[in-house]
Structure formats: structure tokens, C-alpha cells
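The values are calculated or read from the model by the stated rules, or taken from the named source; none is laboratory data. As the structure is a prediction and not an experimental result, all values here were calculated from the model. Glycine gets a Cβ as well: all are built from the backbone with ideal geometry, and neighbour counts include every protein chain shown. Just the protein is used for accessible areas: all its heavy atoms, side chains included, with ligands, DNA and RNA removed. Shrake-Rupley method; radii C 1.70, N 1.55, O 1.52, S 1.80 Å.
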Amino acid sequence: MDAWEFAEPVDILAKLPSNFRENVDSKKWTERKEALETLLNLLAENPKLDPSIDYRDMVKLLKNILHKDANINVAALAAKSLTQMARGLRQKFGIFTNDVAGVIVEKFKEKKKVLSDELVLCIDAVFESSNLDSLSETIQSALAKPNPQIKAQTSQFLYRIFYKFSPANVPNKNIKFFAPTLVKLLSESDPEVRDASSAALGAMMRLVHEKNMATLVGDVASDKIKWAKIIEYKEKAEQDYVEWLASQPKTASLEPGSSTNGTDLGSEASVEVDGSQPKEVDPWEFLEPADIMKELSKSFFEDVQSKKWQERKDSLEALLGLLIANPRLCTNGQYSEVIATLKGVIKNDANINVASVAVKCIANLATGLRRAFQPYTTSLTPIILEKFKEKKPVLKDPLVECIDAIYMTTHFENLNEHIAAALANKNPSVKIQTCLFLYRVFKNLRPTTTPKKQVKILTPVIVKLTVDPDPEVREAAFTALGAIMKAVGKSAATPLLGEVAQDKLKMAKIEEFHDKAMSEANPNAVTPLQLEQAAKEQDNSQKEPAGQPKNVAKSAQNGTTSKPFSKPPQGIKPAPPKKAPAPNLAKEENGHALEKKPTSYSAIIKTQSTISKLATPAPYVPMPAAAHKLKTTGPTPSRPMTAPYSERSKSQTMMSRVAVSNAVVSSGYGKPQNGPTRPVTSQQRPSTGIVQKAPQVVPRVVNSRLGVTSANRANSESTLNSIGQPRPAQPGSCQAPRPPPTSGNPSSLLPKPMPTTGSRLPILFRKN
């Protein structure tokens, strides 16, 4: 049990004597020593410091004493005091680690044990309050110092760091960062530096194993003396780790990765409890990425399209050789064209040997790019699964490796649709290999990492294959169902099996493969993408109850009710609400139904602005008959009416009235003739120029030299006298009946005569 957890935090600054600062700054080293001893006694009596107190001035004072004081005894007391403060504050001391560690490694040049031993304890305490990432730059710069004592002590510090790491929590990034520098120190002239660097590399080898360490050290692995020295320190690090682990307090709260510096206190005990094995070190992490596109032959794309299958195969084998020689590929390379070419070869090449090499290239690209290969998975998966119809091992075996490599680069949900289609394929070989692929996937999954949504989709499809006429298909289906049962558990898998769960023979077969999957399971084969996906699904399932909006779920928890939709944030314009579709017929006006046209928002705004610009509308005046005989120059384009009739037709009718009035006055018909007033019939309406449908305004020039006959004059007179009479709506017309004027003579509605100027009449507006 850790006694520090139960200790009371104390403010030691308040207990210091009033003359502490004067004594520390004294010119007499004995007075400085006595002052630091007083501080050290307070720190020893109070192992836990109050984290709410500001210790910046005190840490700065002790750091300056350690760095500048010429008396080695005073400097040693300052190092002891910093050690006690780091242990008393623990994580709260992390803000001072870089500054303090820089001074400590600089003082490593002191060889006297009275100070060097205290410096070792001090830097270890500083590291426990921080992590290796924050100290990596300081350590790297210390390893490059010219003083051999600094390099030797820093290498020993790395040894003490790495032998405390658990195999379940390997700092791959830090090992890869320090290894090249330590390899250079193996060739130093100072034997202590060489021995210390060998010790650090040995502690790293304990974590990453000999094979990966050989990749990191390069030519050193071929030097038997140096390699034997590293292996010797590896064995020593294993013993030191066991002893150190036994000396640490075992608490229930300690879990792998729980400590701030990553040394995993108590992780061995947790590994033994849950029965899982330490995570295997991935060699790919320690490889240097390579861009093979620079080394690819310039004639590669031409050779792949050759008519001779041997030339196509040779070009693909050259690419495969580059991929095997460079297991880790640079993610910045341009591989799209190469992958598209390989995909075409797999899909279309009739030669099975050429297609086999292309499949191997795809598999190596997937393992070399890993997550960067994910954009290509959805297009390649259906082609690979379709190719499983080939039974020859020369192509079938590479296809199995290829689909497994593709799965390791992406989320399972991205492949789910293609897998379901392959299970429904007519070819038995495709169904068999797809089921076996699912067995290899699900046998390595646990309930926490299994994509439950995809399991619910695929299980009913696999269940149908248990009654397939082909016995190999039925056997493969039982294999896949056994792996799914292992992944989700028997109790969760039984409801998904449906009627199969009642068949004892089939259930016995499924449980047989369930036991087989349990024995072959390798949890370390689960990719980080699968873990990320499972965690995402678990978070989404816990955020809110199913079938309820977010604010409804919250209000249900609080016992209140609220609207399911909240007001949008400021600065964001809310979308206009959707209107119900308008009926074909609008409301009746004067007893006649009007036809409703589709309306757009922009058309309504445009129409309203047009109406607002018009002055007091002129009264209705019919167009002279002479104007109807004028011919237009060129066809008139038709446009669909966008504004509603109730607004658009009124505005355009007003504009037409004004134009017709000017035309009548200019042609000599400014005064109406006396005569009987009679209603206008439907046969006469076309000659009046009244717009029957939604009119379009089209400018037209009237030739003033055209004459006006007596018949046209009479027709115009009768039309003028008919003003004010109600008109029934015509079939198929959107023109509304016009109500009669309230009072006055219809002829008085005409504007005053205007003198004609020039040889042309004003512009008329006619209907389309």
C-alpha cells in the first residue's frame, strides 16, 4: 500500500524560518548548507506537499544552487531537496521537469559520488513525475555532449527507464528515437560510454526482442562482441525488472498504462489476472518507410499491357520484388495508378499466373501502407471475392492472403456490403471462401471488439447457407457461425441463429467450430481500426436512448418535457419550413375556380417588387383591331409561369393596359363613339386583345403607315362600350373575371389624348 496516498498535504513554505532566504544567499557555505538542511528536514517530515501552493520560486532557487554553487556539499543538498519535492508533488512537479532535468544532465560531469549519486536519484524522481516524451529532447542533447561522463550517465538513465517498462506497454516511438544515437556510442573510445550504451540497448531488446533490435542496430547485429554485450544486458534487464516489480506496492487501482511515465506499475499482476498475453511488438513500427515509385521501371505500365503473358508477369514480379524488399511504404507516395493497373489485371487477365502475381502485389501494398491503403479497399474487395471462383491453389492461396491483408487496413463495416453479396453468389467456391474468411476474422474478436451491427446483418445470410445443396458450403457456414458465436458469446448468438438453434445436429457442428475458434484465437491480431470502431459503437449506444432525439432523452431524465427541436445557434440562418403542396384549384373568385400554378419564392419576390414600382393602374382599354394585324419579327420564346396568377397576371395586365391606351390614343381613337352598350361575346374577345392566359410581355413596334378600316373602327367602338361588363372565365384560361367599375361612364376611363410624334407608334405589349 502506498503511504503517500494517506498522508496529509502540508505547506512547507509556511514552516520555513524567516531568515531562510538570507542564509541561502550567504557567502559562507556552512550557512547555505544549514539553510538547505532545514528545508530537507521539513521535506522528510512531510512527504506529501500541498499541491495548491506555488513552488516556482523555491524550485528556481534550488535549481540555481545546483547549477552554480561551487561547494559540492551544498549542491548535493540542493539535489536532495529537489528529489524530495518531486516525490512530494508527483504529477504536480511535471511543469518543472524540463528545466530541472537540463541542469541535472549538465551536472553529470561531476564524478564525485557525494553529488553523482544524488543526481541519479534526482533525475529518476523527476522522471517519475513526468513521461519519456517530455524528456526525450533533453536526453538526446545530453547524449550528444562531448563530455563522456554525461553520455555514460545519460545512457545509464535510459537503462533504468526501459527495464521498468512492461512488455504490454512498449514505447516503440521512443525506442526508435534513441536507438540510432546509442548505436553510435558503441564506437566511442571511452569504455564506460560503450558499456552504458550497450546496457541501454539491452533494456530495449527486452521489450522488442532480438529480431526487431537487429533491424534497429543495423550492422551491429553482425558484430559478435557488441551483440553479445547487448544480449548480456538484456538478460540483466529481465532480472532487474522482476526485482523492481516485486518491490512496488500492489494496489487494486493500478492498471496497464495508468502511471504518468508509462512504466506500468503492477501490470504483471493484471496480466496474470485476466489471462491475456503481453502485446507482441510489431516489427513494422521499427522499419523505415520507402517510396518504391522512384525505383519502379518507367516501362512498367507499358509492359503490363503487353500481349505476351510472360512480359506481363515479369513486370509484375519486378514490382513484387520491390514490395518485398521494402515492407513499409511511404504513405506520401502516389500509388493510385499502380493499384488501378493491378486491379485491372486481376479482373481481366485470362492468364492465372499473371493474376496471381498481381494479387500478391496488392497484398504487399496493403501490408506496407496499412491504414493509408483504406481508400482502395471498397473497390478491390468485390473483385477479390469474385475471383474465389478459381479453385487452383496458384491463385486461391494468394487471394486468401490478399483479403486478409485488406481487412487489416480498414473497418469491417466498409466490407460488409461486398461480403453479403459474395455470400449470395451462385458459385459455391465464392461462398465457401467467404465463410472461411469470416471465420478467420471473428475468431480473433471479443465481445468488446465485435462489430455488432454487421453481425446482425450477416448472420441470417450465413444461416441460409446451412441448407445449401453443396456439403462444402454447409460446412463453411457452420465454421463462420462457430466463430461468430465465439466473438459475441453463446447467449448472444443463439437468438440470431433462428431455427438452426432448434436443430441439435447443426448446433453440435456450430459448437464444434466454436471450440476450435477458442483454441486458435489470437487477440493481438485485432487491428487498431477494429478497436477504434468497437469503441465508437459503444460510445454511441451509451449516449442516448434509442428512438428519441437528444433533447427529448434529456428531458425524460429530468422529468420535464421539451420540444424535440431547439432554436438554431446565432449566425446560422434556419432553413424555411416546408409548405404543404398546393391543390390544383385555388379559392373561387366571383364564382369561378382559378387554376393554381407552382410558385417559387424568388418569383413571388420579383412579382411583388414589380407591382410596387407601378403607379395607379390605368383602366382597361381594348387594343385597336389594326394592331392585331401587325406581324412580329421572329419567333417569341415561351416561358413557364413561375408566379401565381393572383399576382403575376394582375401586374402584367396593368402594364398591358397602359401600353394599349397609348396605342389607341396615338391611332386616333382617343374618344369613344356613341353607341349602344352591349356585352362582348366569346367570339369577339380575341379581337379585343385581352390576355386569356398568363401573358408575357414582348415589345413590338407598330408601323404607323398601316390604315384603319371602318370595320375595325366599329369593332373598337363596340369594345370600348363593353368596358365594365363582367366576363365569364374561358375553359383552360387563368384570366380572372374583372369586376365592373363602381361608377362613371366607361369612356371616361380612357386617358387624355396624346399627340403622336414621329412616324412610328409606341411599343405594344402582346401575349405570347
Practice task
Residue by residue through the stretch 43-52, note down the ones that are over 49 Å from the mean Cα position of the chain (by Cα) and surrounded by fewer than 16 Cβ atoms within 10 Å (Cβ to Cβ).
Solution key: A44, E45
Practice task
Could you tell me which residue of the stretch 437-454 is most open to solvent (accessible area, probe 1.4 Å), considering only residues that are part of a helix (DSSP H, G or I) and under 27 Å from K396 (Cα atoms)?
Solution key: R440
Practice task
Could you run through the stretch 149-183 and say how many residues are farther than 28 Å from A246 by Cα and either in a loop (DSSP other than H, G, I, E, B) or of a type in the set (D, E, K, R) (or both)?
Solution key: 2
Problem - Top-ranked residue in the stretch 223-252 [being of a type in the set (A, V, I, L, M, F, W, C), modelled with pLDDT under 90 and open to solvent by 40 Å² or more (accessible area, probe 1.4 Å); ranked as nearest to K184 (Cα to Cα)] - result: A246
Completion exercise
All-but-one check, D404 against (1) of a type in the set (D, E); (2) within 30 Å of Q454 (Cα to Cα); (3) open to solvent by 60 Å² or more (accessible area, probe 1.4 Å), failing number (3)
Completion exercise
Restricting the stretch 119-132 to residues that are open to solvent by 20 Å² or more (accessible area, probe 1.4 Å) and closer than 16 Å to F93 by Cβ, the one farthest from the chain's Cα centre (by Cα) turns out to be L121
Exercise for the section: Looking only at the stretch 455-464, decide whether some residue is over 31 Å from the mean Cα position of the chain (by Cα), under 22 Å from E499 (Cβ atoms) and either at pLDDT 95 or above or not in a helix (DSSP H, G or I) (or both). Expected result: no
Completion exercise
Filtering the stretch 184-215 for residues that are outside any helix (DSSP H, G or I) and either of a type outside the set (S, T, N, Q) or surrounded by 15 or more Cβ atoms within 10 Å (Cβ to Cβ) (or both) leaves a count of 3
Problem - Condition check for T410: closer than 21 Å to V338 by Cβ, open to solvent by 30 Å² or more (accessible area, probe 1.4 Å) and under 29 Å from the mean Cα position of the chain (by Cα) - result: no
Problem - Subset tally (residues that are touching a helix residue (DSSP H, G or I) at 6+ places or on another chain (Cβ under 7 Å) and either closer than 22 Å to A372 by Cα or of a type outside the set (G, A, S) (or both)) for the stretch 315-336 - result: 15
Completion exercise
Within the stretch 261-307, restricting to residues that are of a type in the set (G, A, S) and over 30 Å from L320 (Cβ atoms), the one that is modelled with the highest pLDDT is G262
Problem - Subset of the stretch 349-377 (residues that are more than 26 Å from E413 (Cβ to Cβ) and either basic (K, R) or free of Cβ contacts under 8 Å to residues at least 12 places away in the same chain (or both)) - result: A350, K360
Practice task
Determine which member of the set I346, I406, I384 is assigned to a helix (DSSP H, G or I), touching a residue at least 40 places away in the same chain (Cβ under 8 Å), more than 20 Å from E302 (Cα to Cα) and not small (G, A, S).
Solution key: I406
Exercise for the section: Taking the options E475, E499, name whichever one is at pLDDT 90 or above, over 21 Å from A421 (Cβ atoms) and either assigned to a loop (DSSP other than H, G, I, E, B) or of a type in the set (D, E) (or both). Expected result: E475
Practice task
Answer with yes or no whether K63 is free of Cβ contacts under 8 Å to residues at least 60 places away in the same chain, open to solvent by 30 Å² or more (accessible area, probe 1.4 Å), assigned to a helix (DSSP H, G or I) and among the basic types (K, R).
Solution key: yes
Completion exercise
Residues of the stretch 329-368 being crowded, with 17+ Cβ neighbours inside 10 Å, hydroxyl-bearing (S, T, Y) and more than 17 Å from Q305 (Cβ to Cβ), in sequence order, are Y335, S356, T367
